[in-house]
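Novice: There's a structure below that I have some questions on.
The values are calculated or read from the model by the stated rules, or taken from the named source; none is laboratory data. None of these values were measured; they are calculated from a predicted model. Ideal geometry is used to build each Cβ from the backbone, glycine not excepted, and the neighbour counts take in all protein chains shown.
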There are 2 protein chains.
Amino acid sequence: MEFLVYAAPISGIIALVFAYGLASWISKLDAGTDRMKEIASFISEGAMAFLRREYKTMVVFVAVMFVVLGVGIDWLTAVNYLIGAGFSVLAGYFGMSVATKANVRTANAAREVGMNQALKVAFRGGAVMGLCVVGLGLLGVGSIFIILGIDKMSVITGFSLGASSMALFGRVGGGIYTKAADVGADLVGKVEAGIPEDDPRNPAVIADNVGDNVGDVAGMGSDLFESYVGAIVSAVILALTSTTMDKTAGALFPMALAAIGIIASVIGIMFVRGKENTNPAAALNRGTYVSGGIVIVSSFFLSLSFFGSFNNAYAIIAGLVVGIAIGKLTEIYTSSDFKYVKRIASQCETGPATTIISGFGIGMLSTVWPILFIVAGIIVAYDFAGLYGIALAAVGMLSTTGMVVAVDAYGPIADNAGGIAEMCHLPKEVRVITDKLDSVGNTTAAIGKGFAIGSAALTALALFVSYSQVVGLKTIDLLNPMVVGGLFLGSMLPFFFSALTMNSVGKAAFEMIEEVRRQFREDSGIMAGTSKPDYARCVDISTKAALREMIAPGMMAVVAPIAVGLILGIEALGGLLAGATASGVLLAVMMANAGGAWDNAKKYIEEGHHGGKGSTAHTAAVVGDTVGDPFKDTSGPSINILIKLMTIVALVFAPMFLAFGSLL
Amino acid sequence: MEFLVYAAPISGIIALVFAYGLASWISKLDAGTDRMKEIASFISEGAMAFLRREYKTMVVFVAVMFVVLGVGIDWLTAVNYLIGAGFSVLAGYFGMSVATKANVRTANAAREVGMNQALKVAFRGGAVMGLCVVGLGLLGVGSIFIILGIDKMSVITGFSLGASSMALFGRVGGGIYTKAADVGADLVGKVEAGIPEDDPRNPAVIADNVGDNVGDVAGMGSDLFESYVGAIVSAVILALTSTTMDKTAGALFPMALAAIGIIASVIGIMFVRGKENTNPAAALNRGTYVSGGIVIVSSFFLSLSFFGSFNNAYAIIAGLVVGIAIGKLTEIYTSSDFKYVKRIASQCETGPATTIISGFGIGMLSTVWPILFIVAGIIVAYDFAGLYGIALAAVGMLSTTGMVVAVDAYGPIADNAGGIAEMCHLPKEVRVITDKLDSVGNTTAAIGKGFAIGSAALTALALFVSYSQVVGLKTIDLLNPMVVGGLFLGSMLPFFFSALTMNSVGKAAFEMIEEVRRQFREDSGIMAGTSKPDYARCVDISTKAALREMIAPGMMAVVAPIAVGLILGIEALGGLLAGATASGVLLAVMMANAGGAWDNAKKYIEEGHHGGKGSTAHTAAVVGDTVGDPFKDTSGPSINILIKLMTIVALVFAPMFLAFGSLL
C-alpha cells in the first residue's frame, strides 16, 4: 500500500497538466474582432487587477495570522497555513485568467462556428478552474503527507485554514464586488436610463462583467477549494485521533478517494461535448453522471481493499447522493419548469410586495428537503462508519468537485460571452447562442450553489467532529448552559454576518449608482453613443468597496470562535459551531433559493407570461430579482465560508484553548 | 409556609375581581352616537363570531388530544389538558369582549372628555385582558396544586399543553385573519381605489378592525398565557425532579413569585394615569417600572425566606432584566427615533428593492443584542440557581405579564378607536387624540412583540430542561449524530412553519382582494357613498380562511416532536427542541423587527420626510410595510408558539417515548 502515498500528488499533477492543456487550447483560439479583444481586455484587466489588489490586501491579514499561528500554535502549522493560502491564490489566479480568456473566445466560437463549439470553449474554460481547485488541493495535502509523514500530519489543519481564509475574502469580497456592480448597473442603466442589459453605454457594464468573474468564478472556486481541502483534512484528522483504526490507512483513504475523484472528473470533462441543436444541459449532465458513477463504483473497491468491508463506501455514497439530491432540489425550487417559480411569477401581478412575500416563503419552504437529506446522510454515514463516516460523506460529496466547479464556472463564462456579444454589436444569431448557453448556466449556477451549501454543511460538520476529538471532548452537552449559550450565539452569527454583507452591498451599490448617474449627467455624449463612458472608474469603485467591506465580516468569522473558545470554553465553542452550522445552512439555502427563484420568475415573465416585459408584473419581478441578488450571490454563499472557517479556526486553535482554559 | 399554598389561587382571584371591576367601569361608560354604536357592534360581533367559530373548530382537535392523552399517558393529564384549554378560552373570551367594548368608548372619551380619559379607557380595556391572563393562569396552576398535592403535581404539564394548543390556533388563526384583512383592505382600498385607511366605503374595513382584536388582543393574550403557564410549570417540574431541593418549596416558590407579580401588576395598572398634554407613553412606562420594581424587591425577600439565600432572586432578576432589555432593544430597531428606521426610510428613495434589502438587513442585525442578553441571562441564572434557575428566569421575566399584556392590548384598542372615529366621521380633534394614542400603541406593540419572543425563548428553554429531566437524560450530546440530526431538523422547522403561515396569509389575502374588487365592481354606489358595502362577507372570508389555514401548521407543531421522539428517540428530540428554539428565536426576532421597522419607516415618510405621502419613497415604503405585515403579525409571532408548544408536547408525551423506545 506504500505506493498509494504517491497517488494523491500524482493525480493532483495530472489534473494540473490536463488543465494546462485545456488552457493552451483555449489560448490558441481566435478572440475575434478588435472590438471584441478590446472589451475582453477591459474585463480581463479589471478582473485580474481586482484579484491582485485583493491578494495584496490579504497579505497583511495572512502575515498577522502567520505570526499568531507560529507563536500561539507552532511554526509548522503556520508554514502549512501559508502554503494553503498560496495554493488557493494560485487556483483562483489560474482559473480566472483562463476564464477571462474563454469568455471572448466563446463569443467568437458562437460567431464563427456555432453552438457546439461555443459550449466546448465555455465549458473547457470552466474546467480549468475545476481542475486547478482539485489539482492544487490534493497536490498540497498529498505532498505535505509525504514530507511530514503520519506523525506530524496533524499540522495539515494549517493548510486547511489557509484555504479557508483566502476563501473568506474571495467569496465575501467577490460577492460584494459583483452585486455592487450588478445592482448599480441595473438600477441606473436598465430602470432609470432604460437601456438594455450589457449596453456599452452603461458605465458600470464592464464592472458588472468583471463581477461575474471575480464573484462566480474566483469566489466560487475558492469556496469549493475550501470545502474540498476541509473535507479531506477532517477525515485525516479523525483517522489520526482514532483509537480503533490504522492511522495511516485512515489518512490515506480519503486521499485515494479524492485521487479517483480527480480521474473521474477528467473523464467526465471529456464526456461533455454537445451536438448542434441539442440542449447543452444534457451534455453537462452526462459529464456529471459519468464522474459520479466512476466514484461510486471505485469506492466499493477502495473500501474493501483498505478496510475489508463495504461500510466506508456506503458513507461515501451517502455523501454523494446528498450532494446530487440537493442540486436537484435546488432546481425544483428555482427553475421556471416547476410550480414554485411559476407561483412567484403569478404573484408578481399583484405587485412587488406579494412578489417578495411569496419568494421569501418559497425560499423558506425550500429548506425542508435539503435538511431531510443532510440529516439522513449524516445518520447513514455514521451508522456505517462512525464519526469518520461523516467526514467520508463530505469527501464523497466533494470527490467530483473538479467536474462540479467546471460546470459551475461555465455559467459566468457563457454570461460574459453574451455580454461581449452585446457590447460588440455582434449579429443576433450569436446572442441567441450565448443566451441559450447562459440560460443553462443559470440553472447550473443554482445547482452549484446548492452543492456548495450542502458540501459546506457536511465539511463543517466533519470539521466540528474533528474539533471535538482534538480537544478531547467526550460529549458536547446541550444540558450544559454554556453549550446552549454557545448554540444561541452560533445560530445568531450567520444572521449577523448576512446583515453585514447585505449592508455592504447596499453601501457599495449606492456608490456605484451615484457614479453612473454622475457620468450620465456630466457627459450627455454617453447616452448618445458619441463618447465613451469611464468604465475604469466603476471598476475601481467596486474594487475599493469590496476590499473595504470584506474586512469587518472577515474579522468576525476569525475572532468569534477564538473569543468564545477562550472566554466560554471549548464545550461552549462546540455549541457555537453546531448552532452556526445549523442556522447557517438554513439561511444559506433560503437566501440562495429565494434569490434564484426571483431571478427565474423575472426571466419567466420576460418570456411573455403575465404580460411580459414592461408589464406591471415585470416591474414587480425586477424588484424581486434585485432583492434576490445579494441574497443569492453575496450573503447566502458567504455563509458557506463562515461556517467552515469558524470550525477550522476552532480546530487549529484547539491547542491554545486547551493551554489557557476558559475565563468563565 | 402552609398558607402559601393559597397565595396563588387567591391572587389569581384578586386579579379576576379587579378585572371584573374594570370591565364594569368600562361597560357603564357611554358608547357615543348611534352610528358609533353600530360600527362598534359590527366589530364586536365579527370578533366574537370569529372566536366562537375558532373555538368550535378546535373542539375536534381538543377532543382528539384528550383521548390520545387519556389513553396514551393518563386521564388525569388529559383532564388537566381540558382545563388548561378551557382557561385559555375564557381568558381570550373575556379579554376580547371587553376590548371590543373599550374601543368605541375610547373614541367617545376622546370626543367628549379628552386625551387623559381616552388613555384611561383604552388602557383599562387592555388591563382586563392582562389580568384575565395572569388571573386564570395562576388560579389554574394554584388550584390544581391544592387539589392534587405535590405527589400528583407532575400532571400539571397537561394544563400547560392545553394552554399551548389554544395559543397555537389563537396566534396562527388570529395572525392569518388580521393580515388577510389588512393586506386585502390596503391593497385594494388604499392602493387601487385611493381611499384612506379606515374609510367606511372599504368593504374590508370592518374585517381589518376585527383583525386587530382577534390577532393583537386575543392572539397575543393566548401567546403570553402560554408563556406564563409554561414558565411556572417548568419551574414546578424541575422542582419535582430535583434531588437536592425541597420539592414543595421548589414548586411553591414560582407560584408565590407569580402571586407577587399579580399584585405588582395591579398596583402598576393603577399607576397608569395620564395628564392632559403629556406623552401617554410616560404613563404606560411608569406602570411598567412600578410593577417591575415591586417584583425585584420582593424576590429578595421571597428567595431568602424560601431558600435562605439570595441566589434564586438573582436568577429571577436576570430574567426580568432580559425581558426589559429585549423590549428596549426592539424599540431601538423599530422606532423612527433611532437611526435604523431612518436608514430604511432613506433607502426608500431608491425604490422598493433597496427598501426590502435594508429592512431585511436591519432585521437580521437586530438579532445580535437580544441573543447576547438571552445568553447572558441563561448563564447568570444557571450560575446562581442551576437548571431550576433557568426556569426561574422565565418566571421572573413573566411575573409582570399582567402589566405587559395590559400595555400591549391597549394598542389595538386605541387603533380601533381611531378606526371608529374615522368611520363615524367624528371631528378632527378626536382623530388627533386617537392618532396620538395609536402611535404610542405602535411602539408598545413592538416592545410587546420583543417581550413575547424573549419570554418564549426562556420558557421553551426551561421546558426543554424539564423535558430532559423527566425523560432522565443525563446529557444531550451534540457528538451523537442523532442529536445533530435532531438539531438540524429542529432548526429547519421554524423556517417550514413560517413558510406555511406566510403562504396562508398570501392565499387568504388574495381571496380578500378578489372580494373587495368584486364589491367595488358590482356596486358603484359603494364608492359614491350611497350604498353600504357588504362588511359581513369580508369578515366571513377572513374567518373561514384563518380557520382553514391554521390546521396544517398547527398539526405540524404537534406531530413533529412526537414523530421525532418515536422514530429517532428522546435524545434526538432534545436536539430538535434546542435547534428549533435557537433558530426560531432568531427568525422571530428578525421578522418582528424587520416588520416593525418597515412599518415605522413608512410612517416616518408620511410625516413628511423624503418627500412625504405620494412620493416615490412613500410608494417603496408601502411595499416594505406590506411585506412586513405577515412578518411581524403572523409568521414571527407564530414561531413563539411553535417553539413552546413543541417542547411542552415533548414533555407531556415523555412517558410514551420512554415506553416505546425509538425506531432507529
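Novice: Name the one entry in A:G184, A:G170 that is over 30 Å from A:K247 (Cα atoms), under 16 Å from the mean Cα position of the chain (by Cα) and not basic (K, R). I'd like the intermediate steps shown before the answer.
Specialist: Values: A:G184 fails: under 16 Å from the mean Cα position of the chain (by Cα).
Exactly one residue qualifies, and that residue is A:G170.
Novice: Listed residues A:A193, A:A167; which is more than 20 Å from A:N503 (Cβ to Cβ) and crowded, with 24+ Cβ neighbours inside 10 Å? Give the derivation first.
Specialist: On the way: A:A193 fails: crowded, with 24+ Cβ neighbours inside 10 Å.
So the residue among A:A193, A:A167 that is more than 20 Å from A:N503 (Cβ to Cβ) and crowded, with 24+ Cβ neighbours inside 10 Å is A:A167.
Novice: Exactly one of these conditions fails for B:S468: (1) on the phi > 0 side of the Ramachandran plot; (2) within 8 Å of chain A (Cβ to nearest Cβ); (3) among the small types (G, A, S). Give me its number.
Specialist: (1)
Novice: Still on this model: For residues that are away from every other protein chain (no Cβ under 14 Å) and closer than 30 Å to B:V297 by Cα, scanning just the range B:327-343, find the one that is surrounded by the fewest Cβ atoms within 10 Å (Cβ to Cβ). Step through it out loud before you land on a result.
Specialist: Filtering the range B:327-343 down to residues away from every other protein chain (no Cβ under 14 Å) leaves B:327-328, B:330-332, B:334-338, B:341-342.
So of that shortlist, the ones also closer than 30 Å to B:V297 by Cα come out as B:327-328, B:330-332.
Numbers: B:G327: 23, B:K328: 13, B:T330: 28, B:E331: 17, B:I332: 15.
Across the range B:327-343, the extreme among qualifying residues is B:K328.
Novice: When A:N202 is evaluated against the numbered criteria (1) farther than 23 Å from A:M96 by Cα; (2) in a helix (DSSP H, G or I), which criterion, by number, is the only one it fails?
Specialist: So the condition that A:N202 fails would be (2).
Novice: With respect to A:G402, is the statement that it is free of Cβ contacts under 8 Å to residues at least 24 places away in the same chain, out of contact with any strand residue (DSSP E or B) (no Cβ under 6 Å at 6 or more places or on another chain) and assigned to a helix (DSSP H, G or I) true?
Specialist: no
Novice: Against the conditions (1) surrounded by fewer than 24 Cβ atoms within 10 Å (Cβ to Cβ); (2) within 13 Å of another protein chain (Cβ to nearest Cβ), where does B:E429 fall short? Just the number, please.
Specialist: Every listed condition holds for B:E429 apart from (2).
Novice: Restrict the check to the range A:225-234 and report whether at least one residue is over 30 Å from A:K474 (Cα atoms) and touching a residue at least 24 places away in the same chain (Cβ under 8 Å). Outline the logic, then answer.
Specialist: Applying the first criterion (over 30 Å from A:K474 (Cα atoms)) to the range A:225-234 yields A:225.
Subsequent filtering for residues that are touching a residue at least 24 places away in the same chain (Cβ under 8 Å) retains A:225.
Yes.
Novice: May I ask you to verify whether B:A588 is within 14 Å of chain A (Cβ to nearest Cβ) and touching a Phe, Trp or Tyr at 6+ places or on another chain (Cβ under 7 Å)?
Specialist: Details: within 14 Å of chain A (Cβ to nearest Cβ): yes; touching a Phe, Trp or Tyr at 6+ places or on another chain (Cβ under 7 Å): no.
Here the answer is no, as B:A588 does not meet what is asked.
Novice: Out of A:L76, A:L82, A:L119, I need the residue that is part of a helix (DSSP H, G or I), of a type in the set (A, V, I, L, M) and surrounded by 24 or more Cβ atoms within 10 Å (Cβ to Cβ). Which one?
Specialist: Values: A:L76 fails: surrounded by 24 or more Cβ atoms within 10 Å (Cβ to Cβ); A:L82 fails: surrounded by 24 or more Cβ atoms within 10 Å (Cβ to Cβ).
Residue meeting the stated conditions: A:L119.
Novice: Regarding B:A460, is this residue small (G, A, S) and in contact (Cβ under 8 Å) with a residue 12 or more places away in the chain?
Specialist: Values: small (G, A, S): yes; in contact (Cβ under 8 Å) with a residue 12 or more places away in the chain: yes.
In short, yes.
Novice: Further question: Those residues that are of a type in the set (S, T, Y), under 30 Å from B:V432 (Cα atoms) and free of Cβ contacts under 8 Å to residues at least 60 places away in the same chain, I need them from the range B:277-313; list them, please.
Specialist: Selection gives B:T278, B:Y289.
Novice: Turning to a different aspect of this structure: Name the residue that is farthest from the chain's Cα centre (by Cα), counting only residues in the range B:305-326 that are over 18 Å from B:I260 (Cα atoms) and crowded, with 24+ Cβ neighbours inside 10 Å.
Specialist: The qualifying residue farthest from the chain's Cα centre (by Cα) is B:V322.
Novice: Looking at the range A:304-358, which of its residues are hydroxyl-bearing (S, T, Y) and in contact with a His (Cβ under 9 Å, 6 or more places away or on another chain)? Lay out the reasoning, then the answer.
Specialist: If we filter the range A:304-358 for residues that are hydroxyl-bearing (S, T, Y), which is where we start, we get A:305, A:309, A:314, A:330, A:333-336, A:340, A:346, A:350, A:354-355, A:358.
Correct list: A:S336, A:S346.
Novice: Yes or no: A:M153 away from chain B (no Cβ under 14 Å), within 27 Å of A:M512 (Cβ to Cβ) and assigned to a helix (DSSP H, G or I)? Full working, then the answer.
Specialist: Numbers: away from chain B (no Cβ under 14 Å): yes; within 27 Å of A:M512 (Cβ to Cβ): no; assigned to a helix (DSSP H, G or I): yes.
Answer is no for this residue.
Novice: (1) buried (at least 16 other Cβ atoms within 10 Å of the Cβ); (2) in contact (Cβ under 8 Å) with a residue 60 or more places away in the chain; (3) assigned to a helix (DSSP H, G or I): which one isn't true of A:Y6, the others all being true?
Specialist: (1)
Novice: While we're here: Just checking: which of the helices (runs of 4 or more DSSP H) contained wholly in the range A:572-664 hold 1 or more residues that are within 30 Å of A:I156 (Cα to Cα) and of a type in the set (K, R)? Working first, answer last.
Specialist: Numbers: elements: A:616-630, A:636-652, A:654-660.
Answer list for the range A:572-664: A:636-652.
Novice: Right, something else. For residues that are touching a residue at least 12 places away in the same chain (Cβ under 8 Å) and surrounded by fewer than 16 Cβ atoms within 10 Å (Cβ to Cβ), scanning just the range A:14-32, find the one that is nearest to A:N108 (Cα to Cα). Don't jump to the end; show me each part of the working.
Specialist: The first filter runs over the range A:14-32 and keeps only residues touching a residue at least 12 places away in the same chain (Cβ under 8 Å), leaving A:14-16, A:18-19, A:22-23, A:25-27, A:29-32.
Still in the running and surrounded by fewer than 16 Cβ atoms within 10 Å (Cβ to Cβ): A:25, A:27, A:30.
Working: A:W25: 15, A:S27: 13, A:D30: 7 Å.
Here the residue is A:D30.
Novice: Follow-up question, since we're still on this one. Where residues in the range B:344-399 are closer than 16 Å to B:I453 by Cα and not hydrophobic (A, V, I, L, M, F, W, C), which of them is farthest from the other protein chains (Cβ to nearest Cβ)?
Specialist: B:S399
Novice: Criterion first (in contact (Cβ under 8 Å) with a residue 60 or more places away in the chain, under 29 Å from B:M364 (Cβ atoms) and out of contact with any Cys (no Cβ under 9 Å at 6 or more places or on another chain)) does B:L658 satisfy it?
Specialist: Values: in contact (Cβ under 8 Å) with a residue 60 or more places away in the chain: yes; under 29 Å from B:M364 (Cβ atoms): no; out of contact with any Cys (no Cβ under 9 Å at 6 or more places or on another chain): yes.
Spelling it out, it is not the case that B:L658 is in contact (Cβ under 8 Å) with a residue 60 or more places away in the chain, under 29 Å from B:M364 (Cβ atoms) and out of contact with any Cys (no Cβ under 9 Å at 6 or more places or on another chain).
Novice: Next question. Return a yes/no flag: does the range A:625-636 have any residue that is more than 22 Å from A:D408 (Cβ to Cβ) and surrounded by 24 or more Cβ atoms within 10 Å (Cβ to Cβ).
Specialist: Within the range A:625-636, the first condition is being more than 22 Å from A:D408 (Cβ to Cβ), and the residues that meet it are A:626-627.
Checking the rest, the ones that are also surrounded by 24 or more Cβ atoms within 10 Å (Cβ to Cβ) come to A:626-627.
Within the range A:625-636, one or more residues are more than 22 Å from A:D408 (Cβ to Cβ) and surrounded by 24 or more Cβ atoms within 10 Å (Cβ to Cβ).
Novice: Still on this structure: Kindly provide the set of residues from the range A:276-293 that are closer than 14 Å to A:A127 by Cβ and modelled with pLDDT of 90 or more, ordered by number.
Specialist: A:V290, A:S291
Novice: Does B:K632 count as within 13 Å of chain A (Cβ to nearest Cβ) and in contact with a His (Cβ under 8 Å, 6 or more places away or on another chain)?
Specialist: Working: within 13 Å of chain A (Cβ to nearest Cβ): yes; in contact with a His (Cβ under 8 Å, 6 or more places away or on another chain): no.
So B:K632 fails the test.
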